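The values are calculated or read from the model by the stated rules, or taken from the named source; none is laboratory data. All of these numbers come straight from a predicted model, not from anything done at the bench. Counting neighbours? That spans all protein chains shown, and the Cβs are built from the backbone with ideal geometry, glycine included. Areas reflect the complete protein model, heavy atoms only, side chains present, ligands, DNA and RNA absent. Shrake-Rupley method; radii C 1.70, N 1.55, O 1.52, S 1.80 Å.
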Amino acid sequence: MTTKKYIKLIFILGSLTALGPFSIDMYLPGFSGIAKDLNTSVAKVSMSLSSYFIGISAGQLLYGPLLDRFGRKKPLFLGLMVYILASLGCVYVADIDQFILLRFVQAIGSCAATVASVAMVRDLFPVKDIPKVFSLLMLVLGLSPMLAPTIGGYVTEDYGWHTVFLILMFMGIAILVAAQIGLPNSYKPDTSISLKPKPIISNFLKVLKEPQFYTYAFTGAIAFSGLFTYVAASPIIFMDIYHVDAKTYGWIFAFMSVSFIGSSQLNSVLLKKFSSEQMIFGALILQSVVSIIFLVLSLNNLLGLYETITLLFLFLGCLGISNPNTAGLTMAPFAKNAGSASALMGAIQLGLGSLASFAVGIFVKDSTAPMVLIMTVTTIIAFIVLNIGKRFIKNKVEISADDDIVVGH
């Protein structure tokens with residue numbers, strides 16, 4: 001693969017990856033405007049965010065079998081068309097219930113981009129390069145929460161929240177054209193895959209029974225739920241407990257994104273000397289140490305704003321290293337069922353992350369301790385799952401610096 005082609009593929013796959021985060025974050029500054037125009041409350045508008053997350057969860061499992069049955073580009077085209085039309089519908093929406101429904105439909109459409117990008121990484125790149133490619137996609141994924149709310153804020157202030165959805169619609173059109181023209185047909189449709197519910201469930205169960213899949217999928221998802229915990233709790237922690245203003249909070253959020261982005265890029269360098277398994281093990285050990293120190297200090301009321309920022313920065317840095325490697329090892333055994341494996345991995349990650357976010361809403365009120373406790377518990381559970389699951393992997397597909405695939409015993 002030439003450097004030019006490599007860069008082109010990364011750019012398009014990164015754009016597919018970024019569509020979801022932009023759709024989540026870009027309209028957040030417009031909540032009050034949406035509530036005013038649709039004669040409802042901000043709390044009711046926030047239900048459109050919940051409906052989006054539900055749509056993502058459902059869409060993950062929907063597109064897995066479609067991507068394996070029909071190849072990558074047809075379901076991707078269909079999903080992006082749904083996304084484009086739903087985004088346009090949000091521009092002309094008349095009431096809040098329509099808006100909530102259209103956000104659900106928009107999520108179903110954007111999910112095609114998310115699942116297809118992960119599956120196509122497995123199709124297009126040798127196994128040894130998968131963690132490096134995921135690290136590059138993490139760069140895009142990490143930049144999105146920094147850019148999307150800022151852009152959305154300026155657009156909303158100058159042109160209104162409707163324009164945000166027009167921009168998202170045009171983003172969808174641009175990505176659809178780029179994907180159809182710039183991405184190869186990376187996977188031959190498999191007509192043996194049935195779209196009936198029973199065979200689909202059977203196929204997911206087949207993927208789930210693969211020890212390498214469930215070990216690294218659950219390790220990665222449980223550990224990554226720490227990020228969902230932080231995102232859900234951060235407005236309460238920084239704005240309510242430490243009383244920073246909205247502008248300062250935005251800068252803190254951007255600073256935290258630097259940790260996640262930077263460590264995911266450092267991962268590419270470290271993979272030249274260490275295996276993915278070693279990187280996951282080391283990152284979880286460090287993450288456990290950081291979270292335990294964080295918890296002890298929090299329970300004893302020894303944390304100020306700067307100490308909290310520092311420890312969160314270190315915690316997120318560990319996630320930036322472990323996540324690309326757990327994703328790579330999760331997907332490595334699946335040349336045939338990459339679409340279903342990708343979908344199931346995403347659904348597990350999002351499902352566990354949503355549970356962590358829900359726990360934040362219940363327990364995080366006027367102290368950092370509940371947030372840190374959730375982060376500590378999930379980190380330790382992830383470490384336990386990794387060490388127990390590894391015992392069941394008999395023929396592990398490893399990622400090597402010299403070979404595409406190495407089967408260990």
From the convex hull of the Cα coordinates of region 210-393, what is the mean projected area in square nanometres?
10.4 nm²
Quick check on packing: order 76-88, 292-304 by the mean number of other C-beta atoms within 10 Å, highest mean leading.
76-88, 292-304
Taking every pair of Cα atoms in region 346-387, average 1/r, invert it to obtain the Kirkwood radius, and report Rg/Rh to two decimals.
1.03
Would you mind pulling out the separation of the Cα centroids of region 1-77 and region 277-327, in Å?
28 Å
Listed residues Val133, Val45, Val121, most fluctuating in the chain (Gaussian network, C-alpha, under 10 Å)
Val45
Quick one: pull the percentage of alpha-carbon pairs in the chain with a separation above 29 Å.
43 percent
Of Lys132/Lys188; Lys273/Lys394; Lys209/Lys390; Lys188/Lys390; Lys8/Lys272; Lys336/Lys390, which ones are farther than 21 Å apart at the Cα?
Lys132/Lys188; Lys273/Lys394; Lys188/Lys390; Lys8/Lys272; Lys336/Lys390
Check cross-link reach from Lys36 to the lysines: straight Cα distance under 17 Å, and skip same-chain residues fewer than eight apart.
Lys44
Whole-angstrom gap from region 336-383 to region 91-129, using each part's C-alpha centre
20 Å
Taking the Cα atoms of region 214-253 alone, what are Rg (to one decimal) and Dmax (as a whole number) in Å?
13.8, 42
Among 9-17, 63-71, how do they line up by average Cβ neighbours within 10 Å per residue, starting with the highest?
63-71, 9-17
Given charges of +1 on the Cβ of Lys and Arg and -1 on the Cβ of Asp and Glu, with all other atoms neutral, how large is the dipole of the chain about its Cα centre, in debye to the nearest 20?
1340 debye
Need one value: the accessible area of Ile237 in square angstrom, 1.4 angstrom probe, rounded to the nearest 10.
0 Å²
